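Worksheet for the structure shown next.
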Amino acid sequence: NGANFYEAKQRQSQVISALASLNKAAASLKDTEELLNISLQKAIEIAGSNQGILLLLSKNTIKLASSRLKNNQYYDHINSKFIKNPDPAIIENLRNIRTCKVFYKQQEQELLSVFNLPFELMEVTGSRMVILIPLIIKDRVPGIIFLFYDNSRKLSNDELNIISTLAPEISVVLYNSKLINDIKNVTYKTIESLSSAIDALSPYTREHSKKVSLLATRIARKMGFNEKAIKEIQYASLLHDFGKIFINTEIYDTPRRLSPEELEEIYKIPTMSSKIFENVNFFSTIIPIVSQHKERFDGTGYPSGLKGDKIHPGARIISVAESYVAMISPRPFREPLSHDEAINEILKNSGKQFDPEVVDALLKVLPEINTQTLTSEKASGRLS
């Protein structure tokens with residue numbers, strides 16, 4: 001009848017829209033976590049389920065990559081019971097699935113010996129039915145989606161076909177996310193090398209950007225920033241002084257007070273650094289962090305005189321991290337300050353040059369790390 005026809009057309013429209021979103025996500029440069037969250041959300045929408053999880057599988061491990069669960073306790077239970085100490089037999093069963101499978105709670109006794117995980121997850125989530133969607137890449141199953149339903153019902157062939165169309169689309173997203181991850185890892189290593197090369201132009205700034213990056217990311221994590229924001233701060237920290245390539249290196253090595261003309265050159269560095277990357281989409285989100293890291297909390301900084309929360313949060317973090325690293329490092333015009341002297345100087349300027357919240361996070365982070373990493377000539381890749 002007309003109502004059924006309208007409902008079917010509406011559902012087709014929903015599926016087409018969701019698949020278009022997945023295709024767009026697959027072609028984007030979004031973070032892996034974001035891509036997988038989008039994929040799971042679209043799967044839940046198309047399949048009309050109540051909740052779901054996306055698992056990544058390797059030979060010996062299961063990773064809960066994304067979840068949309070009604071109760072946080074479900075997440076904790078799944079993570080502790082099935083993810084931390086996975087049964088190798090469970091992993092093998094999941095890796096051998098090649099088509100969408102539907103499990104009903106009433107089948108538990110019949111199939112428990114072969115597929116115990118779906119039924120145990122139904123128990124955890126209070127579900128009556130679960131659909132498994134294998135994500136297949138080159139005849140391997142690196143991921144699988146579980147969609148949970150409060151009520152069990154017989155799915156029509158059309159519904160199963162629609163749900164089955166998700167598998168190859170999300171597999172492409174998963175494959176692209178891995179490629180993007182690999183590209184980002186290579187990019188990070190390249191940036192790190194270039195950053196070190198630029199810092200090495202002066203013996204007084206050797207490894208400076210890497211040290212700032214190590215400290216800034218720890219501060220951001222302490223302040224509760226998400227992983228995407230932390231990664232942006234990490235990149236921006238490494239790139240913040242790229243504009244130095246346009247400055248005469250003798251300015252950095254002079255033991256005297258800089259002239260007004262020389263200071264003008266120094267003041268151009270944030271803008272020059274950000275301009276280098278303004279046409280690179282990959283770096284678009286970090287440009288404000290790079291260009292604003294010399295702004296001051298009270299509005300007396302440069303290049304734009306921004307004040308308070310008008311300054312990008314990442315820039316405020318780098319400002320504190322860079323100042324601490326610079327103060328405890330030798331410079332041609334002074335000996336390095338001690339840790340206590342540097343902290344006193346930062347506290348004195350909290351609310352003036354520095355965001356008090358960032359200063360507070362710095363004070364919490366420093367006792368947790370080996371600060372010798374920040375004073376050694378060769379910065380390691382990790383703060384212990």
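The values are calculated or read from the model by the stated rules, or taken from the named source; none is laboratory data. Remember, it's a predicted structure, so these values are computed and weren't measured experimentally. Using ideal geometry, Cβ is built from the backbone for each residue, glycine included, and neighbour counts are taken over all protein chains shown. Ligands, DNA and RNA are stripped out before the accessible areas are found, and what is left, the full protein with its side chains, is counted by its heavy atoms. Shrake-Rupley method; radii C 1.70, N 1.55, O 1.52, S 1.80 Å.
Overview of values
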| read-out | value |
| --- | --- |
| 3 or more residues over 25 Å from the mean Cα position of the chain (by Cα) and at pLDDT 95 or above: qualifying helices (runs of 4 or more DSSP H) within region 289-384 | 339-348 |
| Residue in region 50-60 that is modelled with pLDDT of 85 or more, part of a loop (DSSP other than H, G, I, E, B), surrounded by 17 or more Cβ atoms within 10 Å (Cβ to Cβ) and not hydroxyl-bearing (Ser, Thr, Tyr) present | yes |
| Test: residue in region 290-298 that is within 18 Å of SER237 (Cα to Cα), touching a Pro at 6+ places or on another chain (Cβ under 7 Å), open to solvent by 30 Å² or more (accessible area, probe 1.4 Å) and of a type in the set (D, E, K, R) | yes |
| Any strands (runs of 3 or more DSSP E) falling wholly within region 85-170 and containing at least 1 residues that are open to solvent by 40 Å² or more (accessible area, probe 1.4 Å) and over 23 Å from ILE38 (Cβ atoms) | 101-104 |
| Every residue from region 61-74 that is open to solvent by 60 Å² or more (accessible area, probe 1.4 Å) and among the β-branched types (Val, Ile, Thr) | THR61 |
| Residues that are hydrophobic (A, V, I, L, M, F, W, C) and either over 15 Å from VAL212 (Cα atoms) or surrounded by 23 or more Cβ atoms within 10 Å (Cβ to Cβ) (or both), drawn from region 312-335 | ALA315, ILE317, ILE318, VAL320, ALA321, VAL325, PHE333 |
| Test: residue in region 25-38 that is open to solvent by less than 60 Å² (accessible area, probe 1.4 Å), touching a Ser or Thr at 6+ places or on another chain (Cβ under 9 Å), at pLDDT below 65 and hydrophobic (A, V, I, L, M, F, W, C) | yes |
